[in-house]
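The values are calculated or read from the model by the stated rules, or taken from the named source; none is laboratory data. Here the structure is a predicted model, which is why all the values come from computation and not from measurement. Cβ sites come from the backbone with ideal geometry, for glycine too, and all protein chains shown count toward neighbours.
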Amino acid sequence: MASVCFYFQVHQPFRLRHYTVFDHSPRYFDEFKNASICRKVANKCYLPSNRLLLDVIRRLEGRFKISYSLTGVILEQFRKYCPEVMSTFDALAETGCVEFIGETYYHSLSFLYSPDEFIAQVNKHTELIQQLYGQTPRVFRNTELIYSNALAETIEKTGRFDAIITEGADHILGNRSSNFVYRPPNCRRLKLLLKNYSLSDDIAFRFSNRGWQEFPLTADKFAKWVNRVNGNGHCVNLFMDYETFGEHQWEDTGIFSFMSHLPQEILKHPDNCFMTPSEIIDSYDAVDVVDVPHIISWADTERDLSAWLGNPMQSGALHDVYKIESLVKQTQNEELLADWRQLQTSDHFYYMCTKYFADGDVHKYFNPYESPYDSYINFMNVLSNLKKRCSESFVNNNGQPLRKSS
Amino acid sequence: MKVFMLGWEFPPYISGGLGTACHGLTKAMNDLGMEITFVVPKPIESNLSAHVKMLSPLQCRSLGSVPEEQSTTEFPDLKNVTIKTIGSPLEAYTTPQYYEQKIEELLKQRRNVSDPSQDIELAVEKWLRETDEQIEHLAHEHYGGDMYSEIHRYAASAVRLAIREDFDVIHAHDWMTYPAGIAVASVTGKPLVIHVHSTEFDRSGEHINQMIYDIERRGMHAATKIIAVSYLTRNIIITRYGVLGEKVEVVYNGVEQNGDGRTLPFNKIGIQSNEKIVLFLGRITMQKGPEYFLMAARKVLEEMENVKFVMAGTGDMMHRIIEMAAQMGIGHKVLFTGFLRGKDVEKIYQMADLYVMPSVSEPFGIAPLEALNYDIPVLISKQSGVAEVLTHVLKVDFWDVNEMANKIIAVLKYPPLQLTLREHGNFEVRRLRWSGAAEKCRNVYQSILQKN
């Protein structure tokens, strides 16, 4: 059997507005830019892709299945800026062929800094998915597929998830294939679903690359590659950013017609099928333990944290955000808490990356800043203001402390 | 490859970046094994240029005498470079008054005679004598004197030198040497390359000196190829001087690796050890945007106390800027050092926490590269050529003093920013060496010589 499992990541951050040290306004986010980017991507990607996949599901009468991880942040933006996207996701959820995956509401790196905050954000996300789609996520993916044994243990302890999705990085698999279900060490309940990065990247990155020897990629060619897994694998995990369709790969590359034809081509082989992540773990047992003592991610070629923690600005900013956790929480002010959590979204730190800055590449995607230095300055100015607001909330109009703060 | 190079400055006789650039470029060309004859006007001792004393052997004649044979100087590190100096009481960046078409007369003369080699020398001698009379007359008036006759006489002397030299290509640096370049090219028939380090629009904004513009324009149109120090400058050459784009190549400047013997910051006179230092280093002129530096300084001081702003350099706006600082009420926070050179430059760089170049118009700007070489974070205006090559620096529009102050404060307030800028900036600047520039110049020469 080769069970193809599609999972799409859907996320856009709340980008900060230009904020200098002289600004004192408590409004940190660039409403105009966020709205226009959200609408633009909705028109180029989210809406046409949702309609196309909905159409394929109906056409194949339920034999085509997919899964999504929608961050809380993008769902807030859809509600605010383009509610029509919400209704297409509703329609997809109603087919019964779509699974929603759990993650941190704010697409944050909180797992690395604050276990309490991490669990709080996972719970907040689960509540939102339950409320919107009536599903309780059984499978978890951490921001940017950041993963280690420690994450598995933390998730196992919540007792709410059955599997974790992460990168099928070569250095954790050795000569094993990503086309099987694995499990983490020291966990009884959890299974691992690993991304088949080769086949995933053929669609996500190489699809329109004219220098690629397999160009042009057609649905029947891709189906043949999937067929080869029959007999030496159980599942083919195709995990990618949803923006692949229409945004990373523009419509004129033929990406939509490829996706429209791919399911029926894959189903031509009688042993192939489509499954959601939950169906995969229910159908297949773990074949082996995958030990990941060090943190991995799906980013860049390094598959590590260097895109978010690669320079002193990034580690400094992250450290400073989590340093004020107790201060923010002591205020018991929902507005301050929400602002603080929005600042945790990993994109803010990604913009500060100096790794490939000189070359210019994927790191530029909807990056609102001219340089990583500008993004750091802006972020730190906002954070300073937030900190000041938190401290001030303990002081009444006469300048007297209201409560004891730490 | 033999190059006949015409310059206006050469260290230690420098008043700005041109001399530094000429030195760096010729040194790198020397290392590539190219032979260079470098012709510069010889500066005459004057109380305004105190540094001249350091090289007294060059000061072999007194002001106002009839110029004798050009002296030849040799630098130990420049094996293949011959420096020829021509007596001159001038320094670059002086505003000239007028200019005539002496070279055209000379050429007319050349066309009129059948055997040029004989008569051209006579004509040049006659031309020189004429200019000498003018110089003698003007030298009594005031320092700086008459730029026109200077350029003019420099051209005549250069031609006299050139007809006795053997070379493949003429390379002229900035407008003062263009007439000489044209004259030498016309007389010898060798291709002329002009190197544009700055244009009249960079120096004077929109209120250009028509005479200088005309000299520049003529030089650009007479040249076989033009080397611009940045795309910013290339665009000005194309749009303002009506030159075809295919004729203009961009060769970025480099920076020399600073010597060893780095010392720890010391001698913070008038500056407390816990105070941060923001440095402006350059001529205090309109082009360099000193008033924007002050306006940003005032904004910074509204937010932070322990900062000093050091302005190193002199220029025609110096007094206005000192007064402006006083009027703003930040006089005690802004220090003026005057013109610095050598060890003093090194020292001031070592003391600084941030180097700011708020230039209104900067064709390139070598100083930020030097600052990066000294491990100093750098903030430059987007209106500078060097902004095209540097990524690990802060950039700001020169007029946006709010943003300038915001970024200055960020560097002083957030240590990780300073750290990252230092680390990456120093690494990046190591790739920008004069050897690259010299190779590109050689490619330009070769492309011309192959065509001929």
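Assorted remarks:
- Boolean, residue A:376 is at pLDDT 95 or above and within 12 Å of another protein chain (Cβ to nearest Cβ): yes
- Sole exception among (1) more than 30 Å from residue A:135 (Cβ to Cβ); (2) crowded, with 20+ Cβ neighbours inside 10 Å for residue A:299, by number: (1)
- Hits in the range B:406-426 (condition: in contact with a Ser or Thr (Cβ under 8 Å, 6 or more places away or on another chain) and within 22 Å of residue B:300 (Cα to Cα)): B:406, B:416, B:420
- Looking across B:379, B:394, B:419, one residue alone is out of contact with any Lys or Arg (no Cβ under 9 Å at 6 or more places or on another chain) and not assigned by TED's automatic domain parsing to the domain that holds residue B:250. It is B:419.
- Checking each residue in the range B:355-372 for being touching a strand residue (DSSP E or B) at 6+ places or on another chain (Cβ under 8 Å) and among the charged types (D, E, K, R) picks out only B:362.
- Members of the range B:278-306 found to be at pLDDT 95 or above, aliphatic (A, V, I, L, M) and assigned to a strand (DSSP E or B), listed by number: B:278, B:279
- Boolean, residue A:302 is of a type in the set (Asp, Glu), closer than 28 Å to residue A:163 by Cβ and out of contact with any Leu (no Cβ under 7 Å at 6 or more places or on another chain): yes
- If you filter the range A:163-187 down to residues that are of a type in the set (D, E, K, R) and not in a helix (DSSP H, G or I), you find that the one that is farthest from the chain's Cα centre (by Cα) is A:176.
- Filtered by the rule that a residue be surrounded by fewer than 21 Cβ atoms within 10 Å (Cβ to Cβ), aliphatic (A, V, I, L, M) and in contact with a Phe, Trp or Tyr (Cβ under 8 Å, 6 or more places away or on another chain), the range A:43-72 gives A:52, A:56.
- Of the helices (runs of 4 or more DSSP H) lying entirely inside the range A:242-350, the ones with 2 or more residues being touching a helix residue (DSSP H, G or I) at 6+ places or on another chain (Cβ under 8 Å) and over 27 Å from residue A:174 (Cα atoms) are found at A:255-267, A:312-323, A:325-331, A:334-342, A:347-350.
- The combined condition, being facing chain A (nearest Cβ under 10 Å), in a loop (DSSP other than H, G, I, E, B) and β-branched (Val, Ile, Thr), is not fulfilled by residue B:420.
- Considering residues of the range B:400-417 that are surrounded by fewer than 20 Cβ atoms within 10 Å (Cβ to Cβ) and in contact with a helix residue (DSSP H, G or I) (Cβ under 7 Å, 6 or more places away or on another chain) only, the residue nearest to the other protein chains (Cβ to nearest Cβ): B:416
- Filtered residue count, the range A:300-321, keeping only those that are of a type in the set (A, V, I, L, M, F, W, C), more than 21 Å from residue A:154 (Cβ to Cβ) and away from chain B (no Cβ under 14 Å): 1
- Within the range B:164-178, residues that are within 10 Å of residue B:2 (Cβ to Cβ) reach partners that are part of a loop (DSSP other than H, G, I, E, B) with beta carbons closer than 7 Å, at six or more positions or on different chains, in the pairs B:167/B:190; B:168/B:1; B:168/B:190; B:169/B:190; B:169/B:191.
- The C-beta contact set for the range A:2-21 (first residue in a strand (DSSP E or B), second residue charged (D, E, K, R) and buried (at least 22 other Cβ atoms within 10 Å of the Cβ), distance under 6 angstrom, 6+ apart or interchain) is empty.
- Residue B:429 at the interface with another protein chain (Cβ under 10 Å from one of its Cβ atoms), β-branched (Val, Ile, Thr) and within 28 Å of residue B:300 (Cβ to Cβ): no
- Residue check, residue A:63 closer than 30 Å to residue A:227 by Cβ and without any contact (Cβ under 8 Å) to a residue 40 or more places away in the chain: no
- Within the option set B:395, B:440, B:407, being part of a helix (DSSP H, G or I) and free of Cβ contacts under 8 Å to residues at least 60 places away in the same chain holds for one residue only, B:407.
- Of all residues in the range A:26-43, those satisfying the criterion of being assigned to a loop (DSSP other than H, G, I, E, B) and either farther than 30 Å from residue B:401 by Cα or out of contact with any helix residue (DSSP H, G or I) (no Cβ under 8 Å at 6 or more places or on another chain) (or both) are A:27, A:30.
- Selection count, the range A:366-380, where residues are part of a helix (DSSP H, G or I), touching a residue at least 12 places away in the same chain (Cβ under 8 Å), of a type outside the set (Phe, Trp, Tyr) and in contact with a strand residue (DSSP E or B) (Cβ under 9 Å, 6 or more places away or on another chain): 2
- Check on residue A:367, touching a Phe, Trp or Tyr at 6+ places or on another chain (Cβ under 7 Å) and either at pLDDT 90 or above or more than 13 Å from chain B (Cβ to nearest Cβ) (or both): yes
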